[in-house]
Amino acid sequence: MSAPPESRPFAAQLSSVYFTILTLFCFKIFVKITLNLLTHFYVIRGNRKEAARISAEFDFGQGHRSWADRSPLHDAASQGRLLALKTLIAQGCNVNVLTIDHVSPLHEACLGDHAACARALVEAGANVNVTSIDGVTPLFNACSSGSAQCAELLLENGAAPQADFCQASPIHEAASRGNVSCVEALVTWGADVDYDIPHMGTPLYVACMSRELLCTRVLLNGGANVQKGKFLESPLHAAAQKNCVEIVKVLLEFGADVNAKNQDLKRPVEVASPGGLAEGFLLLYEAVPRTLSQMCRLTVRYSLGRDRLHLIPQLQLPKALEKFLQYRRVDVSHELPC
């Protein structure tokens, strides 16, 4: 006759608990494998609706992303098959059909850089501001893939250039990937170049951390605050830390403060790699005062303000001075008044 549970040694009771947990874990894995096989079976048979229902009802709270509920429109858009896409649209397929994760055919077309497919969907009434459960919009996907054509198309048809609080930011994505054309399009259409996301910082800070020189220039020309980065970390701190001397030079041209301190009370030169090019350039810059022409340029741009920088060509200034204020290359044959 077996002893009652309370009279068993503690070690024996503990092993029973572990065995029970292991059994439940194995059972859960078995159920998930079975359901995945069943879903795959329905997909093979062409019954995507039933496959999607199974995926939705048996999601174990782990953010499972289903591909079983993708419509033929999703497939055509993601593969860039324009003729098939137009045929499906002509047959009355809903261009705003969503997967379980709220991914639309327009999401797929923009992610694949299929501008013609994206245009066909937009002309058929696709929602340009549709958002997936991850907060991703078609514009974000276009910036992620570097598709300037898709980005322009979306912006021209009412896509919001600025992400909401709970959405992924297109301008941060474009800046981090070095997609200059997308950054230019977003700036032109009014995206906030100083949009600060707590865990990422500003687009300028992201561009500096990613060592993207051209994106850095575009953002600064668009009026980005050269001092605004991530918390107390300035873009110059990021560029110095990454030892990217070209970006350091650009930031200093736009008036970056070499004496700004981060949360560790360190200046940019103190976070630069010892003996690196960035450290050497910063040390040299600190020893040489700014030129009068540079100080004049910064003062004029600051007086105009970010929202009026695009009006510089209307000031009826000499071309050389106009280019100088816009940080465009000036011919050495021209002399600047400053």
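Structure notes:
- Options E270, E279: the member that is out of contact with any helix residue (DSSP H, G or I) (no Cβ under 8 Å at 6 or more places or on another chain), surrounded by 12 or more Cβ atoms within 10 Å (Cβ to Cβ) and modelled with pLDDT of 90 or more: E270
- Leading residue by the ranking (surrounded by the most Cβ atoms within 10 Å (Cβ to Cβ)) among those in the stretch 130-159 that are part of a loop (DSSP other than H, G, I, E, B) and in contact with a Leu (Cβ under 8 Å, 6 or more places away or on another chain): A159
- Search result, residues across the stretch 106-129 that are over 23 Å from the mean Cα position of the chain (by Cα) and outside any helix (DSSP H, G or I): A124, G125
- Scanning the stretch 133-174 for residues that are in contact (Cβ under 8 Å) with a residue 40 or more places away in the chain and over 22 Å from A120 (Cα atoms) returns a single hit, A174.
- In this structure, V103 qualifies as closer than 23 Å to P170 by Cα and assigned to a loop (DSSP other than H, G, I, E, B).
- Enumeration of residues in the stretch 197-228 that are assigned to a loop (DSSP other than H, G, I, E, B) and over 13 Å from A175 (Cβ atoms): P198, H199, G223, N225, V226, Q227, K228
- Of L83, L22, L14, L106, all but one fail to be surrounded by fewer than 14 Cβ atoms within 10 Å (Cβ to Cβ) and at pLDDT 95 or above; the exception is L83.
- Residues in the stretch 240-259 that are part of a helix (DSSP H, G or I) and either polar (S, T, N, Q) or within 15 Å of M200 (Cα to Cα) (or both): Q241 alone.
- The stretch 282-299, subset in a helix (DSSP H, G or I) and without any contact (Cβ under 8 Å) to a residue 40 or more places away in the chain, residue surrounded by the fewest Cβ atoms within 10 Å (Cβ to Cβ): A287
- Yes/no for A320 being of a type in the set (G, A, S), under 29 Å from the mean Cα position of the chain (by Cα), surrounded by 14 or more Cβ atoms within 10 Å (Cβ to Cβ) and farther than 17 Å from L220 by Cβ: no
The values are calculated or read from the model by the stated rules, or taken from the named source; none is laboratory data. None of these values were measured; they are calculated from a predicted model. Backbone-built Cβ (ideal geometry, glycine too); neighbour counts: all protein chains shown.
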